[in-house]
Structure formats: C-alpha cells, structure tokens
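Notes follow the structure.
The values are calculated or read from the model by the stated rules, or taken from the named source; none is laboratory data. Being a predicted model, the structure only gives us computed values, none of them experimental. Note that we place each Cβ from the backbone using ideal geometry, even for glycine, and neighbour counts take in every protein chain shown. Accessible surface is based on the protein model in full, side chains and every heavy atom, while ligands, DNA and RNA are left aside. Shrake-Rupley method; radii C 1.70, N 1.55, O 1.52, S 1.80 Å.
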Amino acid sequence: MRLPLLFHVGVGPSIIQPGLIDRLDFFPANFPAQYGRVTGGVVAGTITAPPTEAHGEGNIRLFDAGGYVETPFANGQGTAMVGGRYSYTGLLLPIFAPHTHLDYWDYQTRVTWKVDDRDMVSALMLGSHDYLAQDKYDPKGAMLDGEILGTDFHRLDLRWDRKTSEHAHLRVAATLGTDSSGDSSGSTSNKLVGFRTEYENRITADLKLRLGSDVEWDHYDVHDNTPNLVPTGQDPTSLYVPRNDVTGGVRADVVWKILPRVEIVPVLRADVFTSRRVEYPQP
C-alpha cells in the first residue's frame, strides 16, 4: 500500500506506532519487483501479524503522546487494533516561538476475521496530518497566510488472504485513499482507487516463486492561491488542469537461494501508464 510519507514534520516521529512495525527495509536501488513504478529508493515497512493475546503500549514525549492496543475476540477468530499519536506542540511551541505553529497527529486501526482454516479477511485504515506555519504580516499590519507545509493522507486497505496449500499463499486487496499537500501558495490533492493480487509459493526450501498484478486510478487537482502571478492574458486553468492517471502492471520473480547467505532473483515486470486531462481551458 503506497504512502506519501512515513514520518511527521518537525520533530519527526513515525506516522505508525513503533510497536506495530515488524520490519523496515530500505532499497536504495534494484528493489524487488513488487515495488515497481518508482525511480528513487524505496522504504518498505511491514506491520506485525494479528496477535494471539491482548497487548499494547504507550509512549509520552515532550512534544506528543501515542500508543495502541490490540486484542483477539470471538475465541481468537477475530482481532481488533486501534492506535494513534497526538501532538501538543500547538500548546507548547508558542511559549518559545510565538509566531510559529506546528501540529501533527495520526491514527491506525485494523480488524481481522478468520473465516476458516484457509481464509482470512481484514481491513486496515490509517491516516496522518501535519501543519507548519509562520505568522506573516503585510505592510499595513494585516495577517497573511503563512502556511509553510500542510499534508494529510488517509488509506483504507481491504484484504482477502487464502492459504492455497501448505506452502502457497494468495492475497487479493483493494485500496482507497486521499492525499493533499501544499503551502500558502497553493495545494495539490489526489484521490486513488487500487486493486492488487499477490501469490507466493515456496516450491522447495531453496526456491520460491512470486507473482503479482496491480492497477491504480488517481485523480489529481492543483489549487493555485496566487492567480495574480499568472502571466497577463493567460488562463490560470491552463497551468493546472485536473487529470486522471491509470497505471497497471504484472510481475514475476523467482528467489533462488544458492548459498546460506546468497540469493539470485531473476525478475520480469511490465507496466502501462496512461494520463488524461479531465478539463481543458476555454479558448
């Protein structure tokens, strides 16, 4: 599930409670086939598996407080988790920097249900908010919009996992999301809908086959708060036109462990990209 960021602005805590992180991988280049359609490095996080007993944790820092709790229910057939973080920098920061404003918060929730010995359905929802601003005034003393950075995103990921055999696993998932980011000069927003399938089969102790496909629709909007800066005679809508992007891909790779600490991973991946304007400026 693609996220726009993993850490908050300012003092920089993670957007997901640390106790929920099972592992974190950084691929500066040559990343696995499942992380296609990117040109830079990839930071991939994996959250912990559903628990077999109730547990949780909390943390309090100078700038924020957070925590989470997770517990099984219905005799272990289902699990439920809720967590989040809230910053009180909006109360503390003005004491030391009265013209600076910083706020952030996040939330995570997950529900799983084991249908039978082979099938499980789950829903994961998470989101984050960041706001950083500096008071500004015009020559007449009127306050201006001093937003330096504002970001928000929300995700809902619905999954069906099936154990197709003792050594094979299939996942079908759908993702809904919204993103927005900007400053005092304007902002961008995105709405997305995505579907993906993932299949993994450990053929032998040293050989694993992985297959996958995905498709995603994105709708982008750009909002300009400085129309007076557009060149004379030019329609501002010609610079920022809403558009719909559709991307899709298929992939296959084989993980071959030739030595205890050496793997060879041949990869095949193909992707399609399309982009179309939703509106056109009037002549």
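Here the Debye sum runs over all C-alpha atoms of the range 5-157 as equal scatterers in vacuum, and log10 of I(q)/I(0) at q = 0.19 Å⁻¹ comes out as -1.20. Converting phi to 3J(HN,Hα) with the Karplus coefficients 6.51, -1.76 and 1.60 and the offset θ = phi - 60°, the range 254-261 yields 10, 9, 10, 8, 8, 9, x, 10 Hz in sequence order, with x at every glycine or proline. Which shape class applies to the range 30-112: rounded if a/c is under 1.5, otherwise prolate when a/b exceeds b/c and oblate if not, where a ≥ b ≥ c are the square roots of the Cα gyration tensor eigenvalues? The shape class here is oblate. Projecting the Cα positions of Ser275, Ser14, Leu24 onto the charge dipole of the chain (unit charges on Cβ atoms of Lys, Arg, Asp and Glu, taken about the Cα centre) puts Leu24 furthest along the positive direction.
In the full protein assembly as shown, how much of Trp256 is accessible to a 1.4 Å probe, in Å² to the nearest 10? Counting only protein heavy atoms, Trp256 exposes about 130 Å² to solvent.
Can you classify the chain as rounded, prolate or oblate using the Cα gyration tensor, where a ≥ b ≥ c are the square roots of its eigenvalues, rounded means a/c under 1.5, and otherwise it's prolate if a/b beats b/c and oblate if not? It is oblate, given that a/c is not under 1.5 and a/b is not larger than b/c. Mean sequence separation of contacting Cα pairs (under 8 Å, at least six apart), scaled by the length of the chain, corresponds to a relative contact order of 10 percent. Rounded to the nearest 20 debye, the dipole size of the chain about its Cα centre is 820 debye, using +1 on the Cβ of Lys and Arg and -1 on the Cβ of Asp and Glu.
By the helix-only formula, in which each DSSP H run with n ≥ 4 contributes -39500 (n - 2.57) and the sum is divided by residues, the chain has a 222 nm mean residue ellipticity of -1000 deg cm²/dmol.
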